[in-house]
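The values are calculated or read from the model by the stated rules, or taken from the named source; none is laboratory data. Predicted model, so just to flag it, every value in this text is computed and none were measured. For neighbour counting, all protein chains shown are included, and Cβ atoms are generated from backbone atoms with ideal geometry for every residue, glycine included.
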Amino acid sequence: MITERERSDRDFGMPTGALAGGASSPVRVGAAVGGAPFVQVSGRGAYAIDGTGRAFVDYVMAYGPLLFGHAHPALVRDLDTIAARGTVFGATTHDEIRLADRIAAYVPAMERLRFVSTGTEAMMSAVRVARAFTGRSLVARFAGNYHGHFDGALHDAGASAGVSARANDVARSGIPAGVRAASVVARYNDLDDLDARLGGREHELAAIVVEPIVGNMGLVLPQPGFLDALFARARRYGALVIFDEVITWLRLGLGGGQALTGHRPDLTALGKIMGGGFALAAFGGRADVMGVLSPDGASFTGGTYSGNPFAVAMGHRTLDLIEGDPTLYARLDSRASRLAAGMRSIFAVRSLPYAVTQLGSMVDFAFRAGPPVRNYDERQQADRVAFAAYYHAMRDRGVLLAPSANELMFLSTEHGDAEIDATLVACESSMAALRERRIV
């Protein structure tokens, strides 16, 4: 059922006409939850503003990059001064070299790195480097881990890749059969499944690609020993390990997920959070592995906008903000912990068997009975009808969630006690409404 508020959203500035599918990224359409898509006009701190001027507590946060919320003053001030120096060059800059050094100091596994514009480019480049270094083509990855929309990562990814009603229509996906054959997709946290799918092809393996802490099928943590076992297999087979930290770096601290788990991958991909939401990403790793890149080696990556001076300047501003606030991560964790605890209490009072997972500034639950989700198969067991009803109930109450049951809640530094309190009130009221309608 579409509410009056949703009709207003739909009628005000609803994308139409030449915009394919009504959005430039399919999850924004909200097909998984139905009703009218949320149309955002502006953002301010922890709030997304719609066309009527209504402010919603925003837990989408651009799907993670907005660690400091919308339009943080330190990130948006004097942008014309940065632009006046030039927004894109055909040359390397001193600031680009300095930013690479700053990142490498926090992520020691990235002995050498290159900048790109998106997480997709970062992962695509890391996979190419791994194949060039090993001379092999096969990549092992995990269902529910989303590594971008390039051909080699998208098929069977689930999560963000599965937002279409025809997501499993392989013949019409545009991804060639040869590309699909160059990867195996195993169940996350399931080593037996990985071994079975690799069986007989270990000698072809170039890399094991993984989100060390998953943020694309909700928030899923690695089981004890899982990541260690991936490294052991990679070493045994002569393959590399690639960590996709497009979501987790800076969300989980300056060292990212690899510092938290105590691992040193051969290659790492970082995403737009490094630019405060501006188009800046990077990939890098061992010096010998990155040595395959042109001009020293035969493998090419590059782009006109890669390391452009405007985005690089925003990268420095982002690190400056983090370095200048030693209590930042403790505050984020405290607020996210309070949100998670409040949700657990609401579920317990109503005897709802949903596990709430929280790590750093990320919070998640699924409409599924039992312990926290361990893999994409388990995430698929969640009640999507219940989630759709919950999404709209929360939106009616002024809280904006991602319109997909595979996403999670991202907090920013601008989510304070008032926003947490409002969210918990909305959650309690929404669950009561769903219980009254016998949805939960």
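Pairs are defined by a Cβ separation below 8 Å, a sequence spacing of at least 6 or placement on different chains, a first member in region 286-300 that is within 14 Å of Leu240 (Cβ to Cβ), and a second member that is among the acidic types (Asp, Glu) and surrounded by fewer than 17 Cβ atoms within 10 Å (Cβ to Cβ); the pairs so defined are Arg286/Glu111; Ala287/Glu111; Met290/Glu111.
Return the residues of region 58-91 that are under 21 Å from Ala46 (Cβ atoms), among the hydrophobic types (A, V, I, L, M, F, W, C) and exposed (fewer than 12 other Cβ atoms within 10 Å of the Cβ); say none if nothing qualifies. None; the set is empty.
When we screen Phe243, Phe278 for residues that are among the hydrophobic types (A, V, I, L, M, F, W, C) and in a strand (DSSP E or B), the only hit is Phe243.
Taking region 82-162 as the region of interest, the helices (runs of 4 or more DSSP H) fully inside it that hold 1 or more residues being within 25 Å of Asn189 (Cβ to Cβ), in the same structural domain as Arg172 (by TED's automatic domain parsing) and at pLDDT 95 or above are 119-134. The criterion of at least 1 residues that are over 23 Å from Glu245 (Cβ atoms) and without any contact (Cβ under 8 Å) to a residue 40 or more places away in the chain is met, among strands (runs of 3 or more DSSP E) falling completely within region 19-70, by 40-44, 47-50. Counting residues in region 176-191 that are charged (D, E, K, R), within 21 Å of the chain's Cα centre (by Cα), surrounded by fewer than 20 Cβ atoms within 10 Å (Cβ to Cβ) and at pLDDT 95 or above gives one or more. In region 281-368, counting only helices (runs of 4 or more DSSP H) that sit wholly within it, none holds 3 or more residues that are basic (Lys, Arg), at positive phi and outside the structural domain of Gln380 (by TED's automatic domain parsing).
For every residue, the table says whether it meets (1) without any contact (Cβ under 8 Å) to a residue 60 or more places away in the chain; (2) over 18 Å from Val29 (Cβ atoms); (3) in a helix (DSSP H, G or I).
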residue: Gln381; (1), (2), (3): yes, yes, no
residue: His392; (1), (2), (3): no, no, yes
residue: Arg395; (1), (2), (3): no, no, yes
residue: Ala402; (1), (2), (3): no, no, no
residue: Glu407; (1), (2), (3): no, no, no
residue: Ser412; (1), (2), (3): no, yes, no
residue: Ala418; (1), (2), (3): yes, yes, yes
residue: Asp421; (1), (2), (3): yes, yes, yes
residue: Ser430; (1), (2), (3): yes, yes, yes
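Of the residues making up region 71-92, those that are β-branched (Val, Ile, Thr) and without any contact (Cβ under 8 Å) to a residue 60 or more places away in the chain number 2. Quick one: Thr118 ticks every box in (1) free of Cβ contacts under 8 Å to residues at least 24 places away in the same chain; (2) touching a strand residue (DSSP E or B) at 6+ places or on another chain (Cβ under 6 Å) bar one, so which box is it? It is condition (1) that Thr118 fails.
Each residue in region 320-374 was checked for being among the aliphatic types (A, V, I, L, M), surrounded by fewer than 19 Cβ atoms within 10 Å (Cβ to Cβ) and more than 22 Å from Asn216 (Cβ to Cβ), and 9 of them qualify.
For region 92-100, indicate whether the set of residues that are closer than 27 Å to Gly215 by Cα and buried (at least 20 other Cβ atoms within 10 Å of the Cβ) is non-empty. Yes: one or more hits. Looking at region 256-278, is at least one residue farther than 30 Å from Gln223 by Cβ and either out of contact with any strand residue (DSSP E or B) (no Cβ under 9 Å at 6 or more places or on another chain) or surrounded by fewer than 20 Cβ atoms within 10 Å (Cβ to Cβ) (or both)? Looking through region 256-278, at least one residue is farther than 30 Å from Gln223 by Cβ and either out of contact with any strand residue (DSSP E or B) (no Cβ under 9 Å at 6 or more places or on another chain) or surrounded by fewer than 20 Cβ atoms within 10 Å (Cβ to Cβ) (or both).
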